[in-house]
Amino acid sequence: MRIVRFSIDGNVAFGAVEGDPTGGPEALVVDIMKGVPFADFELSGTKVPLDKVRLLSPVLPNKVVAIGRNYAAHAAELGHEVPDAPWAFFKPSTSVIGPGDPIVYPSFSHEVHHEAELAVVISRLCRDVPRDRVKDVILGFTCANDVTARDTQRTEKQWARAKGFDSSCPLGPWIETGLDLDAVGDLAITATVNGELRQAGRTRQMLNSVEDLIVNITEAMTLLPGDVLLTGTPAGVGPLLPGDEVAVTIEGIGTLTNKVISRG
């Protein structure tokens, strides 16, 4: 199931996307959901064309837990050593935007980079999750862009501003629930800017798997329904400028596209 969060006629709801995404938005419809995907729900049977709704970020997370340097080649391209254990940081809920929403270039930076990432959406409250139960706490997967003010990241010891500014966490276009952990372990992930390929990797290159990360994080903190885990980015990160269009595509999930604009 492809779960979307959307608005239509001033109302916000969840729904399930039906149809073949290769045919474009006009080939897809949204079956409006009764309830929310983190609890018991059913599909209403009321369907609207996907191109008649505005897609929002698939979830509004309480927190986004992100993992740095989880691809060796990315760590190397920035001159960093690979950490011995998962290196976690946070992006605030106010950084989250949806597909088509603008990435607003921060006033304090002159070097903003894209980072294409696989995102994991948590389905239920969980703590101290054993490896064999990880699958039970995952609702599904989506595309993410860990937009980073690279110059600020270099000069400030904490990454809160560099990676947490408003609009620095695009998510979408939907949550794909039909992938198991074996499949997610080897998906193609790319980023393009204005149609030019910038990043191309596979999730099998992650140093720490999705299972590793959820076990590690839940040793320390409780994850809530709708929380999001960003799993790191492959090599090829690079600059974004106002006017650019950046697209993150993950095999088996879809494409997340956003434009960069100047701060007004």
In percent, how large is the relative contact order of the stretch 91-155, given Cα pairs closer than 8 Å and 6 or more residues apart? 42 percent
HN-Hα J in Hz across the stretch 247-264 - Karplus 6.51, -1.76, 1.60, θ = phi - 60°, x for Gly and Pro: 10, 9, 10, 10, 3, x, 10, x, 10, 10, 10, 9, 9, 9, 10, 6, 6, x
Dimensions in Å of the stretch 60-175 - Rg and Dmax from alpha carbons: 14.9, 45
Please list, ordered by chain and number, the residues whose modelled amide H lies under 5 Å from the amide H of LEU187; skip anything fewer than 5 residues away on the same chain. THR203, ARG204
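With every protein chain present, what is the per residue accessible area of the chain (1.4 Å probe, Å²)?
44 Å²
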Would you mind checking the stretch 216-232 for residues with the amide N under 14 Å from a putative spin-label position 7 Å along Cα→C-beta of THR177? 226
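Once you have the Cα-Cα distance between ASP151 and GLN205, take 0.36 nm times their residue separation minus that, and quote the gain in nm to one decimal. The partial results should precede the final answer.
Numbers: separation 54, 0.36 × 54 = 19.44 nm, distance 2.61 nm.
Length gained, ASP151 through GLN205: 16.8 nm.
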State the Cα centre-to-centre distance between the stretch 158-231 and the stretch 132-156 in whole Å. 4 Å
So for the pair ALA85, ARG54, with labels modelled 7 Å out along Cα→Cβ, what separation do we get in nm? 4.4 nm
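Based solely on its DSSP helices, what 222 nm [θ] is calculated for the chain when runs of n ≥ 4 H residues each add -39,500 (n - 2.57) and the sum is averaged over all residues, nearest 500 deg cm²/dmol? The partial results should precede the final answer.
Working: 5 runs with 30 residues, N = 264.
That calculation yields -2500 deg cm²/dmol at 222 nm.
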Once both label points are put 7 Å beyond Cα along the C-beta direction, the GLU42-THR222 separation in nm becomes 3.1 nm
Quickly work out the VAL12-to-LEU197 label distance, labels modelled 7 Å from Cα along the C-beta direction, and quote it in nm with one decimal. 3.7 nm
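Which order do GLU251, GLU18, GLU117 take by accessible area at a 1.4 Å probe, largest first?
GLU251, GLU18, GLU117
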Over the stretch 1-79, what relative contact order in percent results from Cα pairs under 8 Å that are six or more residues apart? 27 percent
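Carbon and sulfur: what percent of the chain's accessible surface (1.4 Å probe)? Don't skip to the answer; put the middle values down first.
Values: 5900 of 11530 Å².
Carbon and sulfur: 51 percent of the exposed surface of the chain.
The values are calculated or read from the model by the stated rules, or taken from the named source; none is laboratory data. Being a predicted model, the structure only gives us computed values, none of them experimental. Note that each Cβ is placed from the backbone with ideal geometry, even for glycine, and that neighbours are counted across all protein chains shown. Areas reflect the complete protein model, heavy atoms only, side chains present, ligands, DNA and RNA absent. Shrake-Rupley method; radii C 1.70, N 1.55, O 1.52, S 1.80 Å.
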